[in-house]
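Dropping a structure here in structure tokens format, bear with me for questions.
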Amino acid sequence: MAIAPLFREQLEAAKLQGRDEGREEGIEQGIEQGRQEGQRLILANFLRGRFGELDVPLTAFLVPVSALPASEFSLLLLKLSVLTVDEQGIEQARRLLAENVLKMRFGELGERLNDLVSNLVALSGEELGLLLEQLPQLSDEELLARLSN
């Protein structure tokens, strides 16, 4: 009957290990959420300072773009900083943000990227917001089908 106490000890050790792993996972998720929120705020403030009040398309891209790795996010800010402060610069900013969202999702898209970016930024503000909100749930095929009109 010595098996029962040994089994209880191992069960308790496994429970403690599971709690520790869950706690570590929760901490990592919290750190990642904080990093993304920080990048979202930086991007929003940067775009507002550069172009003035943000329109719906620019605002819609804030959340998905904030998930970029820090090195890519920094490179995006550099590219945005050299754009002209006029309607053409705002359009280029929308295209840069759209391009980064698509690259983050699909990697390099080659020749298709330009058409997909054009189709993405051509969506109305409401359609764009809805699509970007649904982005995590859409399969690659569904997203490409919706953008390949």
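The values are calculated or read from the model by the stated rules, or taken from the named source; none is laboratory data. Quick caveat, the model's predicted, so the values are computed rather than measured. No Cβ is skipped: glycine too gets one built from the backbone with ideal geometry, and neighbour counts run over all protein chains shown. All accessible areas refer to the heavy atoms of the entire protein, side chains included, with ligands and DNA or RNA removed. Shrake-Rupley method; radii C 1.70, N 1.55, O 1.52, S 1.80 Å.
With respect to Ala67, determine if the residue is assigned to a loop (DSSP other than H, G, I, E, B) and either closer than 29 Å to Gln33 by Cβ or of a type in the set (Asp, Glu) (or both). Steps first, please.
Working: assigned to a loop (DSSP other than H, G, I, E, B): yes; either closer than 29 Å to Gln33 by Cβ or of a type in the set (Asp, Glu) (or both): yes.
So Ala67 fits the description; yes.
Against the conditions (1) open to solvent by 50 Å² or more (accessible area, probe 1.4 Å); (2) touching a Phe, Trp or Tyr at 6+ places or on another chain (Cβ under 8 Å); (3) small (Gly, Ala, Ser), where does Ser71 fall short? Just the number, please.
(2)
Take Leu62 and decide whether it is surrounded by fewer than 19 Cβ atoms within 10 Å (Cβ to Cβ), under 14 Å from the mean Cα position of the chain (by Cα) and either small (Gly, Ala, Ser) or in a helix (DSSP H, G or I) (or both). Before you say what the answer is, go through the steps one by one.
Working: surrounded by fewer than 19 Cβ atoms within 10 Å (Cβ to Cβ): yes; under 14 Å from the mean Cα position of the chain (by Cα): yes; either small (Gly, Ala, Ser) or in a helix (DSSP H, G or I) (or both): yes.
Yes, satisfied.
Return the residues of segment 1-35 that are of a type in the set (Asp, Glu) and either closer than 30 Å to Ala70 by Cβ or open to solvent by less than 100 Å² (accessible area, probe 1.4 Å) (or both); say none if nothing qualifies. Full working, then the answer.
Initially, segment 1-35 is screened for residues of a type in the set (Asp, Glu), giving 9, 12, 20-21, 24-25, 28, 32.
Glu12, Asp20, Glu21, Glu24, Glu25, Glu28, Glu32, listed by residue number.
Which ranges mark the helices (runs of 4 or more DSSP H) fully within segment 74-149 that have 2 or more residues being under 15 Å from the mean Cα position of the chain (by Cα) and at pLDDT 90 or above? Break it down into steps so the answer makes sense when it comes.
Details: elements: 87-106, 112-121, 125-134, 140-147.
Where helices (runs of 4 or more DSSP H) fall fully within segment 74-149 and carry at least 2 residues being under 15 Å from the mean Cα position of the chain (by Cα) and at pLDDT 90 or above, they are 87-106, 125-134.
Let me ask something else. Taking into account only those residues within segment 1-53 that are among the aromatic types (Phe, Trp, Tyr) and at pLDDT 75 or above, which is nearest to the chain's Cα centre (by Cα)?
Here is the first cut: in segment 1-53, the residues among the aromatic types (Phe, Trp, Tyr) are 7, 46, 51.
Those left that are additionally at pLDDT 75 or above: 46, 51.
Values: Phe46: 17, Phe51: 22 Å.
Filtering segment 1-53 for residues that are among the aromatic types (Phe, Trp, Tyr) and at pLDDT 75 or above, the one nearest to the chain's Cα centre (by Cα) comes out as Phe46.
Working only within segment 124-138, note down all residues that are under 22 Å from Asp55 (Cα atoms), surrounded by 12 or more Cβ atoms within 10 Å (Cβ to Cβ) and either without any contact (Cβ under 8 Å) to a residue 12 or more places away in the chain or acidic (Asp, Glu) (or both). Can you show your working first?
Of the residues in segment 124-138, the ones under 22 Å from Asp55 (Cα atoms) are 124-135.
Cutting the leftovers down to surrounded by 12 or more Cβ atoms within 10 Å (Cβ to Cβ) gives us 125, 127-135.
Glu127, Leu130, Glu133, Gln134, listed by residue number.
Let's see how each residue does on (1) open to solvent by 20 Å² or more (accessible area, probe 1.4 Å); (2) of a type in the set (A, V, I, L, M, F, W, C); (3) on the phi > 0 side of the Ramachandran plot:
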residue	(1), (2), (3)
Val82	yes, yes, no
Gly110	yes, no, yes
Val117	no, yes, no
Asp140	yes, no, no
